[in-house]
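For reference, the structure is listed below as structure tokens.
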Amino acid sequence: MILCTLFLIIFCLCKLVFLKRESCCYMLAYECYKAPDDRKLDTETSAKIVFRNKNLGIEEYKFLLQTMVSSGIGEGTYVPRNIISGQVDSSTLKVSITEMDDLIFDTLDRLFAKTGISPSEIDILVVNVSLFSPAPSLAARVVNRYKMRSNVKTFNLSGMGCSASVVSIDLVQHLFKSHKNAFAVVVSTESIGPNWYQGKEKSMMLSNCLFRSGGCSMLFTNNSALKRQAIFRLKHLVRTHLGSKDESYGCCTQTVDDLGYKGFLLTKSLKKSAAEALTLNLRVLAPKVLPVSELIRYVYVSLREKKTKNTSIQEMGAGLNLKTGVDHLCIHPGGRAIIDEVGKSLGLSNYDLEPTRMALHRFGNTSAGGLWYVLAYMEAKQRLKKGNKILMISLGAGFKCNNCVWEVMRDLDDVNVWKDSIDQYPPETTVNPFIEKYSWINEEYLSFVRFH
């Protein structure tokens, strides 16, 4: 009986270890997109695009230009060619597909070349683009372009917003539980060309100031034999969705204004919804990563927040020191205000926020692809060392907060998409030089880019 019991215990332990190994999610590589220079959008070009909009009056011009120069976005971001040329009205299905093809195929070509993995070896493909969903799907276009196997499992996610990358990775890690020794590709980007707003609603004009072209393709596996080739291992992933609340659901939506122009609406309740979603998410995630001493403080803070029902961004992380459990924070570069407020709430230093601020300055808000430009900055600056833990914080329409923790598998130093500019960062100042030329816009107007 003793031997049988001992055998059963050993068998169960071995099974648990085996299942844990099978459920691992390793990232082998990622490639971010950098558009050609003829698609670069400096602030002066932005102003020309603004002045092209005949629906705007002086107040709208002032608001837009004030937002542009205080957004934290620099002079080297990118947009589709149809926006620069002024052909927004004639944006066709062909133009939209070309925009996606350029980005998706460029990053995938480099990803397959970098890893030596053939497209025919891919078992799972997930493509996320929120605002463009043609038929056949973009995932189907990838299968067709690379002649992938007929049994490849494809998923095309739309409408998931800026946190779609983490949603896709969550899908992959769940699929890995039923697919042994598999390869998975995730493509995260956004369609900008056909979604450029041409109306005059201030809360809808903000997307034009913040969103830019960009994206990323990633390769994952659960094959433990490839562990030494991996760059990251997924440790934890927590998703929070506040869609059941009308205020949260409506704070960040695609809609049509009174003049019939389609655009993306950002309301005043965005800040409140972001604070609440992040607070709820951290209450689940923090105990998984923080040491016991910090957990005690975490419980105290949670009880206090529950008692006061405080949903202020400044107060949501009071008393928490996430740096006791993670080494780096990778925050979605959604805008200068969100970055500053999240940093303040979590007690982060300028060093901690530098990668996110620089990614926003260099590439803008690239929606679901934004996190990977932040991560690439950390790698290019040789911050990522073996054993480090990285907390990714993503916020998106829905309203959602999807966060995850990665473990660095080896010292990393690939400059990736930052190859041509990493030596110039951080700059001495991120103040937009265009502000001097347009000093007349410096009056105080409603701005969702900086909260006062």
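Summary table below
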read-out	value
Difference of contour (0.36 nm per residue) and Cα-Cα distance, Ser120 to Asp246	40.9 nm
Packing-based order for 380-386, 337-343, using average beta carbon neighbours within 10 Å, highest first	337-343, 380-386
Two-site label geometry, Ala225 and Val431: point separation in nm, points 7 Å out along Cα→Cβ	5.9 nm
Theoretical FRET efficiency, 1/(1+(r/R0)^6), r = Cβ-Cβ of Lys48 and Gln382, R0 51 Å, to 0.05	0.85
Among beta bridges that DSSP assigns inside the chain, antiparallel share in %, nearest 5	70 percent
Surface share of carbon and sulfur [accessible, 1.4 angstrom probe, percent] for the chain	54 percent
Of Lys381/Lys419; Lys40/Lys381; Lys54/Lys94; Lys235/Lys386; Lys94/Lys202, those spanning more than 18 Å from alpha-carbon to alpha-carbon	Lys40/Lys381; Lys54/Lys94; Lys94/Lys202
In degrees, nearest ten, helix 350-363 long axis to first principal axis of the chain (Cα)	60 degrees
Pair Ser158, Ile296: separation of 7 Å Cα→Cβ label points (nm)	5.3 nm
Most to least packed among 40-47, 421-428 [average Cβ atoms within 10 Å]	40-47, 421-428
Gain upon complete extension [Phe105, Asp413; 0.36 nm per residue less C-alpha separation]	108.4 nm
Solvent-accessible area per residue, Å², over the chain with all protein chains present [probe radius 1.4 Å]	44 Å²
Antiparallel bridge percentage (DSSP; both residues within the range 21-226; nearest 5)	60 percent
Leading residue at positive end of dipole, the range 21-226 (Cβ point charges), from Ser188, Ile124, Ser85	Ile124
Listed peptides 231-240, 60-69 by packing density, highest first (mean Cβ within 10 Å)	60-69, 231-240
Rounded to 10°, Cα long-axis angle of helix 336-345 versus longest principal axis of the chain	50 degrees
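The values are calculated or read from the model by the stated rules, or taken from the named source; none is laboratory data. It should be emphasised that the depicted structure is a prediction, and the values quoted were computed from it without experimental measurement. With ideal geometry, Cβ positions are generated from the backbone for all residues, glycine too; neighbour counts draw on all protein chains shown. Accessible surface is based on the protein model in full, side chains and every heavy atom, while ligands, DNA and RNA are left aside. Shrake-Rupley method; radii C 1.70, N 1.55, O 1.52, S 1.80 Å.
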